[in-house]
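Engineer: Below you'll find the structure I mean.
Every read-out reported here was derived from the displayed coordinates using simple, explicitly stated rules and does not represent laboratory data. All of these numbers come straight from a predicted model, not from anything done at the bench.
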C-alpha cells in the first residue's frame, strides 16, 4: 500500500470514510467534554468531515446526487476552514499572532488540517467510481 498513490485512497474509500467518521467523533467528543472551547468554525468543519465520511461509506457516493452533496457540503466546509485559517494569517500580518500553548488545539494548525482533509474527502467523493459487481 503506497500512501502517496492516489489510487490507494480510491481503492480503500470505505476505510478513508470510516477514518473521517472517527476523526469527526473524536473532535466532537473533545468539544462536548469541554476539552476545547466551543468554536462555530470548528463545529462546522468537524461536522462536514463526518458527513463526507458517511457519504464515502455508502453506495450513494457513486450517484450524481451523492457527488453533488459532497461538492456542496465540501465547499461549505472548505470555505469555513479557509476563513478561519485566513484570520490567523491576518494576525500574522498585523504582528499579533501567537500559537496556543497546546498546539493540539491551535486553530491555525487545526483549520489547515481540516481544509486539507475536507478538500481530499470531497475529491474522493467526486472521483468515486462504481466498482464492478463481484462474480462468484
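Engineer: Using alpha-carbon positions, what is the distance between the centroids of segment 87-109 and segment 14-42, in Å?
Structural biologist: Computed from Cα coordinates, the inter-centre distance equals 20 Å.
Engineer: Give me the extension gain from residue 22 to residue 75: residue separation times 0.36 nm, minus the current Cα-Cα distance, reported in nm with one decimal.
Structural biologist: Taking 0.36 nm per residue and subtracting the Cα distance, the gain is 17.0 nm.
Engineer: Also, I was wondering about something else. Out of 122, 11, 79, any idea which swings most in a Gaussian network model of the chain, alpha carbons joined below 10 Å?
Structural biologist: The residue that fluctuates most here is 11.
Engineer: Specify the angular offset, from 0 to 90 degrees and rounded to the nearest 10, of the alpha carbon long axis of helix 107-127 from the longest principal axis of the alpha carbons in the chain.
Structural biologist: The helix 107-127 is inclined about 20 degrees to the chain.
Engineer: So, one more: Calculate, axis by axis, the spread of Cα positions in segment 6-127 along the three principal axes, and write the results as whole Å, longest axis first.
Structural biologist: Between the extreme Cα coordinates on each principal axis of segment 6-127 lie 46, 31, 24 Å.
Engineer: Enter the angle in degrees (range 0 to 90, nearest 10) between the Cα long axis of helix 64-94 and the first principal axis of the Cα atoms of the chain, meaning the one along which they spread out most.
Structural biologist: Once rounded, one gets 20 degrees.
Engineer: Please give the length that would be gained between residue 92 and residue 38 if that part of the chain were fully extended, namely 0.36 nm times their separation in residues minus their C-alpha to C-alpha distance (nm, one decimal).
Structural biologist: 17.1 nm
Engineer: Between helix 13-32 and the chain, what is the angle of the helix's C-alpha long axis to the longest principal axis, kept within 0 to 90° and rounded to the nearest 10?
Structural biologist: Helix 13-32 sits at roughly 30 degrees to that axis.
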